[in-house]
Amino acid sequence: MTATGAMWHNWARTEKVMPLRVERPRTTAALQRAVRAAAGSGIRIKAIGAGHSFTGIAVAPGIQLELEDLSGLSGEPTADGLVTLFAGTRLHDIPRLLAPYGLAMENLGDIAAQSISGAISTGTHGTGAGFGGIAGQVRGVVMVTASGDLLEISRESHADLLPGVALGLGALGIIAEVTIQCVPRFVLHAVEQPEPLDDVLDTVLDRAAAADHFEFYWFPHTRTALTKTNTRLPFGTKPKPLGRVSRFVDDTVLANGVYRVTCATAVVVPAIIPRVNLLADKLTGNRTFTDVSHRVFTTRRTVKFREMEYGIPAELVPAAVRDIEALIEQKGWRISFPLEVRFAAADDLWLSTAYGRATGYIAVHKYYRERSSAYFSAVESILRGYGGRPHWGKIHTQDAADLAEIYPHFGDFLAARDRLDPRRLFSNQYLERVLGI
Amino acid sequence: MAITLSANGRAESSPAPWLTPDLFWPELDAATTSVETPLGALHLGALRFNAHDMIRRAGGKPIRVATKSVRVRSVIDSLLATEGYRGVLAFTLPEAIWLADDIDDVVVGYPTMDRQALRLLASDERLAERITLMVDSVEQLDFIDACLPPNARARIRVCLEFDVAWRTEGPLGTVGVLRSPIYTAADAERFARVIVSRPGFELVGMMAYEAQIAGLVDSVPSRNARSAGMRWLKRRSISELTERRAEAVAAVRRVADLEFVNGGGTGSLESTSADDSVTEIAAGSGLFGGHLFDDYRNFNPAPAASFALSVVRKPREDTATLLGGGWVASGPPGRDRLPRPVWPEGLTMVPREMAGEVQTPLVGRHAAALRPGDRVWFRHTKSGELSEHLNAFSVVDGGAIIDTLPTYRGEGKAFL
Ligand SMILES: Cc1cc2nc3c(=O)[nH]c(=O)nc-3n(C[C@H](O)[C@H](O)[C@H](O)COP(=O)(O)OP(=O)(O)OC[C@H]3O[C@@H](n4cnc5c(N)ncnc54)[C@H](O)[C@@H]3O)c2cc1C
């Protein structure tokens, strides 16, 4: 189906565009036809997932593909847990699809609204020093190339392209199917508690290494970190879920209810932010609970914000957080959202923020109505100083020349792009900036 | 002279320049200043867009090029060189004979009574293999036999035309055009049996052209109720037709091995392609993108073809008169068949003259500023007839003329 004339914007409302044409192919063949028509007329084409990237990476002024109708399982999972999903499958649908097979995704980010293709294409990750991001779970993709043909990339076929296309920024082709390695389903035991920030920073690497999934939030203007430690337990362990009323640290920290009001107030009266943060700090108590994995990993975020996130070598996290703390202090800024700190194992995907190094992620947020430039750019230069690599789906200012220096396989990726998309059918302004024309 | 309708080189980052008229028309105007009026321009990017958008809308079924909607030989050739297009639907037999010189699959879209052309066809094996005639009655078969008897001629390929108008009981009456007397599956099967029983004929195809679906405007902003009515009518007609056509095709297939079942029209590519009984779709007017299609709901062709006339006098300060008129499109005569002035913006025709004479006065916001020698750009309502007013089209790409393509008329071929 086709529609025209509607304005598209991303979740954070940082980007918008009126595409020339919007298409919702229902079959792989229709997807191929869409690409062929675009290629034949020389008009750029781009798939969007859930529009949850903060950057312009998904902006499609030409032909915008919505893949909602290309969703669900393609065939049965294999005995060793390989699951093939159609490109548009949303992460929140996957638990239901996998349940009959007793499988689950190994790790997730903190929301599940994304499409599987969007999530892998931008390097979406969760936390856990022993685990990679979602793209690290990819074992194969079926991609529509610039000629409209189907290309299967897996360990058996065109394996040389796998480290490129598994995290391909949407720059190499339109993904039709993704095969991921899943694991037997499991439950998570979650412990959330406020702790002194300095203690946390002093011990963070050991704690991240000791736990399956460790992360913490720190509210500027407080001395408290909210830690979250998840332990993997076999499926069947008796769950003790949170009640509806007291679901999750995130609900207070980044999501709904009270915090929306405080944010809105804080925009108007920045001076009260430190006090608001202290309040949020107090609201969050010690909590422990146990539930099936995806319910612990993810929440629903309804307060709109803007986010920047960098991956740096894990061991540099304490120093970087302290630098940011000093920065905020020195500038006298009022910052309403917490910093979020997470960890991931090294991987070997060419454009992964965790390529070749154990990684610590530091994310900063701003309420979407607040102007973010000064805060973000100062934090960005601190993190760049630590060898940081920007998350492809979150706000940053790097261009191809900068990025070539921090990704050893940047040249390989560009070569793959030249080979797969010499005419830049899949490009847009963001990709021109980060990959070059 | 040939153009290629598949883009090579970099994909455009500004996808559709025609969506910004303030830039598009002045650029087209600047590119063609060296050509005298009346001048026809083909914007290559827009033509590519239309050509490929139609392939996409055809949902994987090949498109047979309706030549009457183009009437430019090299454009037809370049379409046939593009994957997704196969064969042509010509409008007269002399045209078909001319095209068959290098096109091997030509269906004549209408019955023919041209004795001379029929004799030529029937006495040339090569032509007879390439050309298929449209028939809907025994009289037409008799006519062909009278030109050259079956034992003295090549086998004539014929295509049975099935009427797809929707004959309603109520006040609507017949919706669609009056084309063929063959209306039911039983009619079709009976006539098919007649054809196969006659020596010298081969039944190879069936055609069912959905004028009432393809040709009806269904999304005019100022006429919402009417448009909704049109859409209702199309939906009903599509479901009625799909059923009846499928039955008829099945019935005819019991009698003859059909090579193709043709359905179609630019306005109905989606619904026609969804009908399993159809194997190919005839379409053409979407290629040049006449303004008729501006008011369709599910697609928006680009203004690939346009023409310019010169202001030659100012009868009044607020009126600019152009040399040139006519340019009226086929269909029920009415205002919606007139060419539309598109640049400069804000020009309208004078109600008492419109575009019918050899000069066309224009009034409106911009008319006072126009001076003799200035040019005004128009879009044609439909497509092919535009070529009957021009000897050639200037092909514009990247802000310059890259080629000049003669029309049928420019090649001395005024077929109809
Ligand atoms: C509230 C919120 C929370 C978030 N939490 C996290 C988090 O915990 N961890 C994290 O790492 N990130 C997080 N993000 C960022 C988010 O996960 C990424 O930006 C992700 O890419 C969004 O997925 P999407 O489906 O919305 O993709 P989109 O933003 O729609 O698209 C992203 C890219 O994928 C491409 N793409 C989509 N489908 C295809 C396809 N079929 N073929 C080829 N390319 C395709 C697009 O063209 C584009 O280049 C969060 C974002 C928000 C708004």
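Using the 10 angstrom Cβ neighbour count as an exposure proxy, how do A:13, A:90, A:44 rank, fewest first? Don't skip to the end; give the middle numbers.
Numbers: A:13 13, A:90 18, A:44 26.
Ascending number of Cβ neighbours within 10 Å: A:13, A:90, A:44.
Beyond a 22 Å Cα-Cα separation, which of these cross-linked pairs lie in this structure: A:46/A:394; A:46/B:61; A:304/A:394; A:46/A:304? Pairs exceeding the cut-off: A:46/B:61; A:46/A:304.
Which lysines have a Cα less than 30 Å from the Cα of residue B:68, not counting those fewer than 8 places away in the same chain? Here the lysines satisfying the reach criterion relative to residue B:68 are B:234, B:382, B:413.
In deg cm²/dmol and to the nearest 500, what is the mean residue ellipticity at 222 nm of the protein assembly as shown if only DSSP H runs of at least 4 residues count, each as -39500 (n - 2.57), divided by the residue total?
Values: 26 runs with 249 residues, N = 853.
For the protein assembly as shown, the value works out to -8500 deg cm²/dmol.
Once you average over the residues of B:8-21, how many Cβ atoms of partner chains fall within 10 Å of each Cβ?
On the way: counts 4, 4, 8, 15, 7, 10, 5, 13, 7, 0, 0, 2, 0, 0.
Taking the mean over all residues of the peptide, I get 5.
For chain A, the longest principal axis of the C-alpha atoms and the axis of helix A:197-210 are separated by about 50°. A simple count of charges around residue B:393, restricted to other residues whose Cβ falls under 13 Å of its Cβ and scoring Lys, Arg +1 and Asp, Glu -1, yields -1. Remark: mean inter-chain Cβ contacts per residue of A:418-424 equal 2, using a 10 Å Cβ-Cβ cutoff to other protein chain atoms.
Return a whole-number percent for the relative contact order of chain B, with Cα pairs under 8 Å and 6 or more residues apart as the contact set. Mind dumping the intermediate values first?
Numbers: 888 pairs, mean separation 82.9, N = 416.
Relative contact order comes out at 20 percent.
Neighbouring Cβ atoms from other chains, within 10 Å of the Cβ of residues in A:341-353, number 0 on average. Scalar couplings 3J(HN,Hα) for the stretch B:41-55, obtained by applying the Karplus form with A = 6.51, B = -1.76, C = 1.60 to θ = phi - 60°, are 10, 10, 8, 5, x, 5, 5, 4, 4, 4, 4, 7, 5, 5, 4 Hz; x denotes Gly and Pro. Across the stretch A:322-327, computed HN-Hα scalar couplings (Karplus, 6.51 cos²θ - 1.76 cosθ + 1.60, θ = phi - 60°) run 5, 4, 5, 4, 5, 4 Hz from first to last residue, x flagging Gly and Pro.
Between 0 and 90 degrees, the angle of helix B:185-197 with respect to the longest Cα principal axis of chain B falls at about 70 degrees.
Distant-in-sequence amide contacts of residue A:44, defined by a placed amide H-H separation under 5 Å and a gap of 5 or more residues or a different chain, comprise A:63, B:12. With a simple spin-label model that places each label point 7 Å from the Cα along the Cα-to-Cβ direction, the separation between residue B:123 and residue A:346 comes to 8.6 nm.
Helix B:21-31 and the longest principal axis of the Cα set of chain B meet at an angle near 90°.
Relative contact order of the stretch B:290-416: what whole-number percent is it, with Cα pairs under 8 angstrom and at least 6 residues apart?
On the way: 249 pairs, mean separation 34.7, N = 127.
Answer for the stretch B:290-416 is 27 percent.
Its relative contact order, with pairs defined as Cα atoms under 8 Å and 6+ residues apart, puts the stretch A:327-391 at 28 percent.
The Cβ shell under 12 Å around residue B:262 holds other residues with a net charge of -2, Lys and Arg each +1, Asp and Glu each -1. For residue B:63, the shell of other residues with beta-carbons less than 10 Å away shows a net charge of +3, using +1 for Lys and Arg and -1 for Asp and Glu.
No lab work stands behind these numbers, since they all come straight from the coordinates. In this text the structure is predicted, and so the values were computed from the model without any measurement. Methodologically, a virtual Cβ is constructed for each residue, glycine included, from the backbone with ideal geometry; neighbour enumeration extends over all protein chains shown.
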